[in-house]
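See below for the structure under consideration.
A short reminder: the numbers here are calculations on the coordinates, not readings from a lab. Treat the numbers as computed from the prediction; the structure is a model and nothing was measured. Methodologically, a virtual Cβ is constructed for each residue, glycine included, from the backbone with ideal geometry; neighbour enumeration extends over all protein chains shown.
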Amino acid sequence: MNLLLFTPAEATTPLPRTDPRAAHLLDILRRQIGDTFDAGLIDGPRGKGTLAAISDSSLTLTFAWSEPPPPVDPITLLVGLPRPQTARKILQEATALGVSSLHFFPSERGEPSYVQSSLWSSGEWRRHLITGAEQAFCTRLPEVTWTTQLPALIAALTPSAPRIALDNYESPAPLSAAHLSPASHASPVTLAIGSERGWSPAERDLLRANNFTLAHLGSRVLRAETAVTAAVAIVKARLGLM
């Protein structure tokens with residue numbers, strides 16, 4: 001954790017000793033009473049926390065907030081709903097990379113039962129966003145959905161914004177050759193990535209009919225989480241964001 005994140009309510013109440021953040025402060029950072037640490041409010045400012053007191057059951061923390069968080073990057077991800085263990089990695093990495101929104105969708109070649117995973121029903125998914133943001137020293141979390149169908153997601157996109165879909169089989173050019181530049185900041189870039197079994201013919205037709213450009217990441221077949229990380233990094237570079 002490069003930054004410890006808190007909700008506004010958590011920032012005004014004692015932190016239980018059983019909380020992983022308490023263990024990180026005491027055992028990893030080895031903070032003692034009076035020591036400071038980097039902290040942030042989720043979707044709010046960063047600043048410094050101070051360990052004011054330690055009891056058998058909790059830590060008392062105080063905070064001094066400073067600068068607002070930097071904005072998220074203008075990148076929207078559409079991802080065919082993968083296995084829960086893969087989704088966990090994507091949630092963390094996409095958040096760390098700073099995408100503005102992450103929409104998983106039930107795909108034609110995906111496993112329908114994935115949407116029933118406790119990752120989604122229990123709210124566990126949000127914890128992975130926080131882990132990614134803490135790693136990136138940022139407080140902002142992306143918008144996340146996981147039940148909306150692909151046609152509805154596409155219909156909600158900004159009409160004039162760039163749209164790219166990764167496809168190993170029918171794409172004519174690499175993602176690095178996509179027509180993107182820092183001027184694309186005016187509209188969010190949408191990057192679509194199919195399920196772990198790839199796009200169906202009907203999904204390809206839908207993407208093409210809605211002005212998606214097909215692009216690939218080279219000849220190697222990558223895991224879904226690796227493809228997401230590589231693709232977002234390339235898009236960020238093309239947009240002048242890294």
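The equivalent ellipsoid that matches the C-alpha gyration tensor of region 23-140 spans semi-axes of 34, 18, 10 angstrom, in descending order.
Working from label points 7 Å from Cα in the Cα-to-Cβ sense, the A209 to A152 distance is 1.8 nm.
For region 143-242, the Kirkwood estimate of hydrodynamic radius, built from reciprocal distances between every pair of different alpha carbons, is 14.1 Å. Please state the shape class of region 202-242: rounded when a/c is under 1.5, otherwise prolate if a/b exceeds b/c and oblate if not, all from the C-alpha gyration tensor. In terms of gyration-tensor shape, oblate.
Each Cα pair under 8 Å and six or more residues apart adds its separation to the average, and for region 147-242 the resulting relative contact order is 41 percent.
With point charges of +1 on the Cβ of Lys and Arg and -1 on the Cβ of Asp and Glu, referenced to the Cα centre of the chain, which listed residue (V115, A87, L207) lies farthest in the positive direction of the dipole? So the residue furthest toward the plus end is L207. Dipole of region 76-178 computed with +1 at Lys/Arg Cβ and -1 at Asp/Glu Cβ about the Cα centre; of T139, L102, S171, farthest Cα towards the positive end is T139.
Would you mind working out the magnitude of the charge dipole of the chain relative to its Cα centre, with +1 at each Lys and Arg C-beta and -1 at each Asp and Glu C-beta, to the nearest 20 Debye? The partial results should precede the final answer.
Numbers: 21 positive and 21 negative charges, 62 e Å.
In debye, rounded to 20, the chain gives about 300.
Can you tell me the dipole magnitude for region 99-242 around its Cα centre, using point charges on the Cβ only (Lys, Arg +1; Asp, Glu -1), in Debye to the nearest 20? Each step should come with its number before you reach the end.
On the way: 12 positive and 11 negative charges, 63 e Å.
I would put it at about 300 debye.
Centre-to-centre, using Cα atoms only, region 214-233 and region 100-142 are separated by 19 Å.
On the principal axes of its alpha-carbon atoms, region 1-80 has extents of 45, 31, 22 Å, going from largest to smallest. For Cα pairs less than 8 Å apart in space and 6+ apart in sequence, what is the mean separation divided by the residue count of the chain, i.e. the relative contact order in percent? With pairs under 8 Å counted, the relative contact order is 20 percent.
Under the definition of Cα pairs under 8 Å and six or more residues apart, what whole-number percent is the relative contact order of region 6-148? Reported relative contact order: 22 percent.
Simple rule: put +1 on each Lys or Arg Cβ and -1 on each Asp or Glu Cβ in the chain, find the dipole, and look at H24, T13, P182; the Cα lying farthest toward the positive end is P182.
Taking the inverse of the average 1/r across all pairs of different Cα atoms in the chain, what Kirkwood radius in Å do you get? Write down the numbers at each step before the final one.
Numbers: mean 1/r = 0.0518 Å⁻¹.
Averaging 1/r across every pair of different Cα atoms and inverting gives 19.3 Å.
For region 117-167, what does the alpha-carbon gyration tensor say about shape, rounded, prolate or oblate, given a ≥ b ≥ c as the root eigenvalues, a/c under 1.5 as rounded, and a/b over b/c as prolate? Numbers along the way, then the final one.
Working: a/c = 2.55, a/b = 1.46, b/c = 1.75.
Note, shape of region 117-167 comes out oblate.
Model label sites at A237 and T50, defined 7 Å from Cα along the beta-carbon direction, differ in position by 4.5 nm.
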